[in-house]
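Below is one structure, written out as structure tokens; the observations come after it.
The values are calculated or read from the model by the stated rules, or taken from the named source; none is laboratory data. Please read all numbers here as calculations on a predicted model, not as lab measurements. Using ideal geometry, Cβ is built from the backbone for each residue, glycine included, and neighbour counts are taken over all protein chains shown.
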Amino acid sequence: MEVITRQNVFSFIQTEETNYQTLPINVSEGYDWNMAQHIKLSLLYKMSQYETGKTDDKPFKNIIRPILNLQYRAEGFDVKDIVLFVNSAKEYYKSFLVKKYHEKWARENNIDTFIDDMVESYVDFGGALIKNINDKKPEVIQLQGLAFCDQTNILSGPICLKHFYAPDQLKEMEKKGWKNIDELIILAQESKDTDQTRKQIKTPGKYVKVYELHGVLPDWWLDEEKDNGEYTRQMHVVAFYQTRDNKSEAISLYKGKEGESIFKFISRDKIFGRALGFGGAEELFEPQVWTN
């Protein structure tokens, strides 16, 4: 079992996650912005929660959610709205078959669900991050599950996703080449983080916190003998656990080279200098504060 102990991908993930959670970026003079805080506040207001916590004697009049629901319908579209055709005069008659079987294929692969999830993220937070998972339906990344990314341009730097896997889910990952799974399951705890505050809650079963890192990274992270100062596009999967003396340790579950980036990003109302555009919830932050 490979235990990571020195300054490398493990400490990089820890440092960057802390920076992402705590350090704002300067978008322009007089305007600082933190992506994690933006996502947290958008989600809290959408779910009728105060930033400082909700009490029973302090009701929340939500003016944001009805507007978001209207925007979902305005921005969203159905599979049947996608028009496919054969761009050839001689072969154009095949367009009928293409359209017919595309709708059937889209229903079978839940493309309508993908569209809905993408639109919801796009409207709520000001952008949607899409991941190619080598399946017919891409995955819409839940932005509140980001461990960190570049807050100025989401695709320009490493992207790290945070997962919580149950033991059976981890065992499935062995098919993808993940290592050290059995050792990790033994170390798993019956708790997991609930949100960006890293607050722990007890859970009925064991969960393991796993970080999935993608980006252009030092070659020696793949092979310590290649400490040549060069960088390649890589993927790393690292799990974290606590030792008996309460020290944080990490295990490398997977590492390897990647081809081109597996992420795509669409921004709503782009704002120069920050990763996310102007979100639908963000448009009503101040009116929501004044309403309550």
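So, in the range 126-141, of the ones that are assigned to a strand (DSSP E or B) and in contact (Cβ under 8 Å) with a residue 40 or more places away in the chain, which residue ends up surrounded by the most Cβ atoms within 10 Å (Cβ to Cβ)? Only one residue fits best here, namely L129.
Scanning the range 272-284 for residues that are hydrophobic (A, V, I, L, M, F, W, C) and either outside any loop (DSSP other than H, G, I, E, B) or surrounded by fewer than 19 Cβ atoms within 10 Å (Cβ to Cβ) (or both) turns up F272, F278, L284. Within the range 61-82, the set of residues being part of a loop (DSSP other than H, G, I, E, B) and touching a Ser or Thr at 6+ places or on another chain (Cβ under 9 Å) comprises K61, N62, I63.
The set of residues in the range 203-253 that are among the hydroxyl-bearing types (S, T, Y), farther than 15 Å from V9 by Cα and exposed (fewer than 13 other Cβ atoms within 10 Å of the Cβ) contains only T243.
If you check K131, K99 for being among the charged types (D, E, K, R) and farther than 30 Å from G259 by Cβ, only one passes: K99.
Yes or no, residue by residue, for (1) assigned by TED's automatic domain parsing to the domain that holds T15; (2) under 20 Å from the mean Cα position of the chain (by Cα); (3) acidic (D, E):
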{"site": "Y101", "(1), (2), (3)": "no, no, no"}
{"site": "E108", "(1), (2), (3)": "no, no, yes"}
{"site": "I111", "(1), (2), (3)": "no, yes, no"}
{"site": "D117", "(1), (2), (3)": "no, yes, yes"}
{"site": "Y122", "(1), (2), (3)": "no, yes, no"}
{"site": "F125", "(1), (2), (3)": "no, yes, no"}
{"site": "K131", "(1), (2), (3)": "no, yes, no"}
{"site": "K136", "(1), (2), (3)": "no, yes, no"}
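Would you check which residues across the range 23-64 are under 20 Å from M118 (Cα atoms) and surrounded by 15 or more Cβ atoms within 10 Å (Cβ to Cβ) and list them? Spell out how you get there, then give the answer.
From the range 23-64, those under 20 Å from M118 (Cα atoms) are 35-36, 38-47, 64; that's our starting set.
Listed by number, the residues that qualify are M35, A36, H38, I39, K40, L41, S42, L43, L44, Y45, K46, I64.
Between a residue in the range 107-124 that is without any contact (Cβ under 8 Å) to a residue 60 or more places away in the chain and any residue that is assigned to a helix (DSSP H, G or I) and crowded, with 19+ Cβ neighbours inside 10 Å, which pairs come within a Cβ distance under 8 Å, given they are 6 or more apart or on different chains? Once the first residue is without any contact (Cβ under 8 Å) to a residue 60 or more places away in the chain and sits in the range 107-124, its partners that are assigned to a helix (DSSP H, G or I) and crowded, with 19+ Cβ neighbours inside 10 Å give D112/A106; S121/L143.
Is it true that some residue in the range 156-169 is of a type in the set (A, V, I, L, M) and modelled with pLDDT under 85? Checked against the condition, which is being of a type in the set (A, V, I, L, M) and modelled with pLDDT under 85, the range 156-169 yields no hits at all. As for the range 1-21, it holds no residue that is part of a loop (DSSP other than H, G, I, E, B), of a type in the set (K, R) and either within 27 Å of G280 (Cα to Cα) or at pLDDT 95 or above (or both).
Kindly indicate which of K99, K104 is at negative phi and exposed (fewer than 12 other Cβ atoms within 10 Å of the Cβ). Answer to the check: K104. Of the numbered criteria (1) assigned to a strand (DSSP E or B); (2) free of Cβ contacts under 8 Å to residues at least 40 places away in the same chain, the one E224 fails is (1).
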